[in-house]
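No value in this document is a laboratory result; all are computed from the given coordinates. These figures come from a predicted structure and were not determined experimentally. Here the Cβ positions follow ideal geometry from the backbone for every residue, glycine too, while neighbour counts run over all protein chains shown.
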Amino acid sequence: MRYFQEKIETMPLEEIRKIQSEKLVRQVRHVYEHVRCYRERMDEMGVKPEDIHGIDDLRKLPFLTKDDLRDNYPFGLLAVPKKDCVRIQSTSGTTGRRVVAFYTQHDVDLWEECCARALVAAGATSDDVCQVSYGYGLFTGGPGLNGGSHKLGCLTLPMSSGNTDRQIQFMMDLGATVLCCTPSYAAYIGESLKERGIAPEDNPLKAGIFGAEPWTEEMRQGIQKALGIKAYDIYGLTEISGPGVSFECEEQQGMHINEDHFVAEIIDPDTGEVLPEGSKGELVFTCLDKEAFPLLRYRTRDICVLSRKKCSCGRTFMRMTKPMGRSDDMLIIRGVNVFPSQIETVLLKEGYAPNYQIIVDRANNTDVFDIMVEMDDDMFADTVAGITRREKALATAMKSMLGINPAIHLVAPRSIQRSEGKAVRVIDKRKLTSDRQWKG
Amino acid sequence: MALKQLSVFVDNTSGALADITSILAQAEVNLRALSIADTEHFGILRMIVSDNDLATSVLKEHNYAVKETQVVGVKIGDAPGRLAAVLTVLKDAGINLEYLYAFCARTERHAYMVIRVADNEKAEKVLTEAGFHMITDSDVLKL
């Protein structure tokens, strides 16, 4: 089995474009009729649904940003009656206001099919035992891969994340062949197997699908070695559906975008201008046939490159590179990519509110990496030792996520400089003279 | 029995203390005693004030992290060797000090020590047995 839906995944470009055009025309009419936000934006720009004849007219439509999602929380962008929805998923919510995405049954099916395509591209068939160790719940990781695994007909182990002892026990006892989780958790499982004296060739796994957080090629090599598997990347975001918006095939050279459902564009993040294929810029997605929460031209803030180069796997869907950063916030500190999202993840896990500021500077040719974190009454210990202990524990947790050691400074509540209500996340004192990193 | 102290987390920035004391002044909270623990990045301001609830609520309104802590208040004579006598009692009982500070009353010829230890009750017990007078929140109001 090479493809989950061969006809679709291998169709010629002209056919992809034809399908995209038909779906886009329908989708624009749907959102214009049902979502006030789109109607107002389009009216402002003087664009009517009748002006959209096909995929080439996509650039006439307005962009949508994460702020728009927050402003329209919870029902503002819902394009079908609430009673037609069967599910919500939600993002981790970094500024207090979460983003909630809605799904009809059709939308869930579409999403799960995308995940099934990813599983097949990673070598899975209905004979496989698929261990899903992403978190379940509001987070899309667990439900997405779980659904994909069902669609494909794998025996699905809905492990969710954590409890590594049990993960390893089920993996060994039930013969899990495909592991789905975050790359950092995959690496951790690898270490735990080693600690238990289980050699890479002695676990039943053959492949893994790892996403939801940035990871490097070095990390891939490490995970492949530690688990004795091939490690595949998967990309997605809750706003667009979840994991499976794009996925890697056996080539491991970029992720195929499920173009029958999602149109990708690359734009200049400063001007909004659409850039030609092969340019590095901000990734923008349009949902072609989702019903409940169909975002048009949603700015992901991920920086990457798109390619239509022919892939030896036979899929004709265009490929995107792994996100090389965020249009607003990736940092390279001591040679390591650091994403504020990783820092947020650690803070939430350690019981802190994600109110922080990263300060990077350079002293004696070495990067100095400080993170200020706002404390609250609950964690305020009355002694210096108590506060220092907290700072050290948080630094250790950061080190294990980021790979480099920041200095943590707890600061007073609400003391971090805010701009228009949002905390200023990054102060990079090294960059005052150089251009932004992604421009080259 | 014990004395209640307010601790406030203070960023190590200029004017931080002026801001806090101004807030308390505006609320007409009187300070009886205070001490500051300082590090390179932050400080902890510890205070005995005339109205803990009022002070806590106005400071929280201004987004400060505030914590009420039980401490031991001991009245000692204003004479050489009196503090040493208190600390010897604690030492002999094996009680470790976390911090302490002192204040004087306007009229009396006495000093007052504010002491933070892990076990307040035990400290109060051994000090009382050794003949020292503990002070409480209501005593502070009368000073």
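Tabulated values for the structure
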{"read-out": "Number of partner chain Cβ atoms within 10 Å, mean per residue of A:377-387", "value": "6"}
{"read-out": "Entries in A:Lys23/A:Lys309; B:Lys4/B:Lys60; A:Lys83/A:Lys290; B:Lys67/B:Lys91; A:Lys206/A:Lys322; B:Lys75/B:Lys122 that, when Cα-Cα distance is taken, lie over 19 Å", "value": "A:Lys23/A:Lys309; B:Lys67/B:Lys91; A:Lys206/A:Lys322"}
{"read-out": "Candidates per trypsin sites (Lys or Arg not before Pro) in the range A:140-232, loop by DSSP, up to 15 other Cβ within 10 Å", "value": "A:Arg196"}
{"read-out": "Gyration tensor (alpha-carbon) shape descriptor, the range A:29-133, a/c threshold 1.5", "value": "prolate"}
{"read-out": "Sorted by Cβ density within 10 Å, fewest first, the residues B:Phe42, A:Phe262", "value": "B:Phe42, A:Phe262"}
{"read-out": "Share, in percent, of DSSP beta bridges within the protein assembly as shown that are antiparallel, nearest 5", "value": "75"}
{"read-out": "Cα-Cα P(r), the range A:344-387, percent of pairs per 10 Å interval", "value": "23, 41, 28, 7"}
{"read-out": "Cα gyration tensor shape of the range A:95-232, rounded if a/c is under 1.5, else prolate or oblate by comparing a/b with b/c", "value": "prolate"}
{"read-out": "Cα convex hull volume per residue for chain B (Å³)", "value": "119"}
{"read-out": "Under the span-like rule (Cα at least 27 Å along the axis, Kyte-Doolittle mean at least -0.5), DSSP H helices of chain B", "value": "none"}
{"read-out": "Approximate spin-label separation A:Gln417-B:Ala84, in nm, with each point projected 7 Å along Cα-to-Cβ", "value": "5.2"}
{"read-out": "Diffusion coefficient, µm² s⁻¹, Stokes-Einstein with Kirkwood Rh over alpha-carbon pairs of the protein assembly as shown at 25 °C and 0.890 mPa s", "value": "89"}
{"read-out": "For the protein assembly as shown, size of Cβ-based charge dipole, Lys and Arg +1, Asp and Glu -1, in debye", "value": "380"}
{"read-out": "Hydrodynamic radius of the range B:3-68 per Kirkwood, over alpha carbon pairs, in Å", "value": "11.7"}
{"read-out": "Directionally averaged projected area (convex hull, Cα atoms, the range A:232-390), nm²", "value": "13.3"}
{"read-out": "Pairs of Cα atoms farther than 16 Å apart, the range B:70-142, %", "value": "43"}
{"read-out": "Label-reachable residues, the range B:1-34, where backbone N falls under 19 Å from a point 7 Å from B:Lys125's Cα toward its Cβ", "value": "B:1-3"}
{"read-out": "Per DSSP, loop trypsin sites (Lys or Arg not before Pro) in the range A:303-410 with at most 15 further Cβ within 10 Å", "value": "A:Arg308, A:Lys309, A:Lys310, A:Arg334"}
{"read-out": "Value of [θ]222 nm, deg cm²/dmol, for chain B, DSSP H segments ≥ 4, -39500 (n - 2.57) each, nearest 500", "value": "-9500 deg cm²/dmol"}
{"read-out": "Range in chain A, longest, excluding exposed GluC sites (Glu not before Pro) [loop by DSSP; at most 16 other beta-carbon atoms within 10 Å]", "value": "A:1-249"}
{"read-out": "√(5λ) per eigenvalue of the Cα gyration tensor, the range A:1-327, largest first, Å", "value": "34, 21, 18"}
{"read-out": "Mean ellipticity per residue at 222 nm, deg cm²/dmol - from DSSP H runs of n ≥ 4 across chain A, formula -39500 (n - 2.57)", "value": "-9500 deg cm²/dmol"}
{"read-out": "Candidates per trypsin sites (Lys or Arg not before Pro) in the range B:76-119, loop by DSSP, up to 11 other Cβ within 10 Å", "value": "B:Arg106, B:Arg109"}
{"read-out": "Distant alpha-carbon pairs in the range A:204-288 (separation over 21 angstrom), percent", "value": "40"}
